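A short write-up of the structure that comes next.
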Amino acid sequence: MLHRTYLGLEIHQQGLRAVAVQRQGKQTALVGGQALAEAIIQPEFNRPNISQPELFVSAVKELLTPLAKKDKRIAVALPDRCGQLLLLDLETPFKNRTEGAEIIRWRLKDLLPDKSNQVALDFQILEEKESGQKKILVALIAQEVLSQYESLLEQAGYAAAVVDFHSLALYNAYRTKIDLGRNFILIGVDGCQLSIMIFVNQSLNFCRLRQVNQEPRQIFQEISRSLVNYRNEQPAFNRLSVHLHSDWQNREDLFAAVDSVFDQEVQWLVSPVSKLMSGHQFNFTGAEASGMATALGVAERLLQRVTS
């Protein structure tokens, strides 16, 4: 029986990572994956990220051609730094997504002066109270940044059916395979990307995204600074479970740095890619498997969208 292949591509500052998955029965099966370590982008919010389009197109073809077969629709995870994620409390009611997007743009007019129509916006309702107040996750990216990625992927022969940010795709990779609990902190350290996400009742309650150097001391400082107010305002902070993901080779020093931020125990996450490798001949090291988690998370979003 032929199975459709779903491709997930992560684009990050140090290169590209891709995985191919298939639906086999009720399970997700990993059928391929590889990485290309080449600095081909410079993630920024206010300007196009790719200064050498031909190099980018060539790299995408080199990476995806062995995995794609006939499948040309892909899911893409972009660096957090090339966009923005915001949590908003919204009391104004709206009837549909178009009206909701306009209300959100109005709320963000001070953040995006004179640029509101030049920014692509998407949102997800996380919670809704009986009063009608909503907690909303908003994703923003400059239209010229998004259009450049989509156009160059099309030149490489692929259509971006799903576009997500690194941190959200990373969470998606873990949420269906590992019991993170209902109330937890997810720390992601991939290359120079640091993400801190706090979930209460399995709903995103706090999000901080930072660009960092690969130095454990800076990770300690960034996490400590980012959480100081939240820690003081939340009496139950020390009861939150803490999970750590990273693709760093130097795991011991990183773990020590993160562990020293918290009173509670920090738990290393086993890569969801590793969980799908059982019984298959993939030559991924532990760090490589962890590095491919984001590509897996966005590939599964495409699978979920198509099969739902």
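All of the numbers you see were taken from the coordinates with simple rules; none came from a lab. None of the values given here were measured: they were computed from a predicted structure. Note that each Cβ is placed from the backbone with ideal geometry, even for glycine, and that neighbours are counted across all protein chains shown.
Determine how many Å³ per residue the convex hull of the Cα atoms of region 180-269 encloses.
Dividing the Cα hull volume of region 180-269 by its residue count gives 83 Å³.
Round to the nearest 0.05 the FRET efficiency obtained for Asp71 and Ser147 when R0 = 35 Å and r is the Cβ-Cβ distance.
The pair Asp71/Ser147 has a calculated efficiency of 0.95.
Are there trypsin sites (Lys or Arg not before Pro) in region 90-172 that DSSP puts in a loop and that have at most 14 other Cβ atoms within 10 Å, and which ones?
Lys95, Lys109, Lys115, Lys129
Within a 10 angstrom radius of the beta carbon, how do Val270, Val31, Val189 rank from fewest other beta carbons to most?
Val270, Val31, Val189
Who wins for biggest fluctuation among Gln14, Gln27, Gln214 in a Gaussian network model of the chain, springs between alpha carbons below 10 Å?
Result for the chain, Cα springs under 10 Å: Gln27 fluctuates most.
Mind checking which of Val228, Val76, Val258 has the largest fluctuation in a GNM of the chain, springs on alpha carbons under 10 Å?
Val228
Neighbour counts of other C-beta atoms within 10 Å: give me Asp164, Asp89 arranged from fewest to most.
The most exposed by this proxy come first: Asp89, Asp164.
Report, ordered by chain and residue number, the lysines lying within cross-link reach of Lys134, taken as a straight Cα distance under 20 Å and ignoring same-chain residues fewer than 8 apart.
Lys95, Lys109
Take every Cα-Cα pair in region 83-142 and report what % of them are more than 14 Å apart.
51 percent
Can you give the Rg to Rh ratio of the chain, both from alpha-carbon atoms, with Rh computed by the Kirkwood formula?
Rg/Rh: 0.95.
Want the number for Val200 to Arg231: 0.36 nm per residue separation, take away the alpha-carbon distance, what's left?
9.8 nm
How much of the DSSP bridge set in region 180-269 is antiparallel, in percent, rounded to the nearest 5?
For region 180-269, the DSSP antiparallel bridge percentage is about 60.
Write down the radius of gyration of region 1-152 and its Dmax, each obtained from C-alpha positions, in Å.
Final numbers for Rg and Dmax: 18.7, 55 Å.
Take the alpha carbon atoms of region 189-220, find their center, do the same for region 46-92, and report the distance between the two centers in whole angstrom.
20 Å
Which whole-number percent is the relative contact order of the chain (Cα, under 8 Å, 6+ apart)?
For the chain, the relative contact order is 21 percent.
Looking at the chain only, what percent of DSSP beta bridges run antiparallel? Nearest 5 please.
Percentage antiparallel, nearest 5: 70.
Among bridges DSSP assigns within region 1-75, what percent are antiparallel (round to 5)?
The answer is about 90 percent antiparallel.
Hey, rough spin-label estimate for Glu102 and Gln221, points 7 angstrom out along Cα→Cβ, what's it come to in nanometres?
Each label point is offset 7 Å from its Cα along the Cβ direction, giving 4.7 nm.
Round to a whole angstrom and tell me the spacing of the C-alpha centers of region 17-33 and region 222-262.
When both Cα centres are located, 31 Å separates them.
So if we plug the beta-carbon distance of Gln118 and Gln304 into 1/(1 + (r/R0)^6) with R0 = 25 Å, what FRET efficiency do we get, rounded to 0.05?
Rounded to the nearest 0.05, the efficiency is 0.25.
Within the chain, which is the longest segment that contains none of the GluC sites (Glu not before Pro) sitting in a DSSP loop with at most 14 other Cβ atoms within 10 Å?
Here the longest run is 131-264.
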